[in-house]
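First comes the structure, then the notes that go with it.
The values are calculated or read from the model by the stated rules, or taken from the named source; none is laboratory data. In this text, all values refer to a predicted model and were calculated from it rather than measured experimentally. Counting neighbours? That spans all protein chains shown, and the Cβs are built from the backbone with ideal geometry, glycine included.
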Amino acid sequence: MGPRAGPPPGGRRHRYDRAELLARATEEPERHRQGHRSVLRGVRVTVLLVHGAGSTVDHNFRRPGWIDLLEASGRAVVGYDLPGHGDGIPPALPDGGAIVDDLLARLSGPVDAVGFSAGAQLLAGAASRDPARFSTLVLLGVGNGVLHPNPAGPLQLAAAIADEDDTNTTGRLFRRMARSAGNDIDGVRRYLQIPKPPVDPERLAKVDAPVLVVVGDRDFNAPADELAAAFPRGELTVVPGADHFGLASDVRCLDAVLSFLDRRG
């Protein structure tokens, strides 16, 4: 059985204007809040945001308006920084399994979680390890490679971003993004070199939470049909014309995610 298709980003009459989405969230709070059981009980829903490799929570989510929109709709937002990113990078980074352990240890209860790229892959691994910690999962900018990883890929990217003379387009874009986000290139390189534990499809089949996978049709990680189908309640939304680096700032992606969070059950 394949994944359920989410509402097509281009299939509704919508201006896809970020200001409109924010106004919708602030002027109609009850419509958003009624979709969340925890808020109806007087407890704010917590949304965990995990950024991608080379980025930060601020770069992936605050600048494009995610945090403003989520908070305006009555949700509490917390971020998780990948090792090797941000300030205070330790001399030695944890291994991939320890990163999953650290993320799970920081969760005080079930959360809605949104991850982009490497952050989405981390969330998939964490959910496969402990499904009960997640009430909803949103995985952005990842595809079937989560189930069929290429261990050489991150190592090649690590080498590319560290080499100023490397003409590899992806490496150059990652290097530019990492610097724009305020990251240390060496810290990002070291993170990419960490072996990550594979995500077991059989464990994903035990994740009962609603899951939305969003990918652009021009993303180098596409397609994502197998990944979405690996979850019993998985849905897939493909954003036409969106590439990997522009997905998190594409207002069609924000709209799809907000709609999904509002109607989750």
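Taking helices (runs of 4 or more DSSP H) that fall entirely within the stretch 149-256, which contain at least 2 residues that are of a type outside the set (S, T, N, Q) and touching a Pro at 6+ places or on another chain (Cβ under 6 Å)?
Numbers: elements: 152-162, 169-180, 185-192, 201-204, 225-229.
Of the helices (runs of 4 or more DSSP H) lying wholly inside the stretch 149-256, those with at least 2 residues that are of a type outside the set (S, T, N, Q) and touching a Pro at 6+ places or on another chain (Cβ under 6 Å) span 185-192, 225-229.
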Test set (1) within 26 Å of Pro94 (Cβ to Cβ); (2) surrounded by 23 or more Cβ atoms within 10 Å (Cβ to Cβ) - Ala224 fails condition number: (1)
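Do the conditions hold for Ala160, that is, is it crowded, with 17+ Cβ neighbours inside 10 Å and touching a residue at least 40 places away in the same chain (Cβ under 8 Å)?
Details: crowded, with 17+ Cβ neighbours inside 10 Å: yes; touching a residue at least 40 places away in the same chain (Cβ under 8 Å): no.
Considered against the rule, which asks whether it is crowded, with 17+ Cβ neighbours inside 10 Å and touching a residue at least 40 places away in the same chain (Cβ under 8 Å), Ala160 comes out as no.
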Condition check for Ala113: crowded, with 17+ Cβ neighbours inside 10 Å, part of a helix (DSSP H, G or I) and under 18 Å from the mean Cα position of the chain (by Cα): no
Qualifying residue in the stretch 180-195 (condition: in contact with a Phe, Trp or Tyr (Cβ under 9 Å, 6 or more places away or on another chain) and surrounded by fewer than 20 Cβ atoms within 10 Å (Cβ to Cβ)): no
Selection within the stretch 66-98 - surrounded by fewer than 23 Cβ atoms within 10 Å (Cβ to Cβ) and in a helix (DSSP H, G or I): Ile67, Asp68, Glu71, Ala72, Gly96, Gly97, Ala98
Check on Phe174, buried (at least 19 other Cβ atoms within 10 Å of the Cβ), at pLDDT below 95 and touching a Leu at 6+ places or on another chain (Cβ under 9 Å): yes
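Within the stretch 123-148, restricting attention to residues that are in contact with a Pro (Cβ under 8 Å, 6 or more places away or on another chain) and assigned to a loop (DSSP other than H, G, I, E, B), which residue is nearest to Asp184 (Cα to Cα)? Walk me through it before giving the result.
Within the stretch 123-148, the subset in contact with a Pro (Cβ under 8 Å, 6 or more places away or on another chain) is 125, 132-137, 143-144, 147.
Next, from what is left, pick out any that are assigned to a loop (DSSP other than H, G, I, E, B): 143, 147.
Details: Gly143: 27, Leu147: 29 Å.
By that ranking, first place goes to Gly143.
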Tabulated pairs, the stretch 181-208, first farther than 23 Å from Phe61 by Cα, second surrounded by fewer than 21 Cβ atoms within 10 Å (Cβ to Cβ) and β-branched (Val, Ile, Thr), C-beta under 7 angstrom, 6+ apart or interchain: none
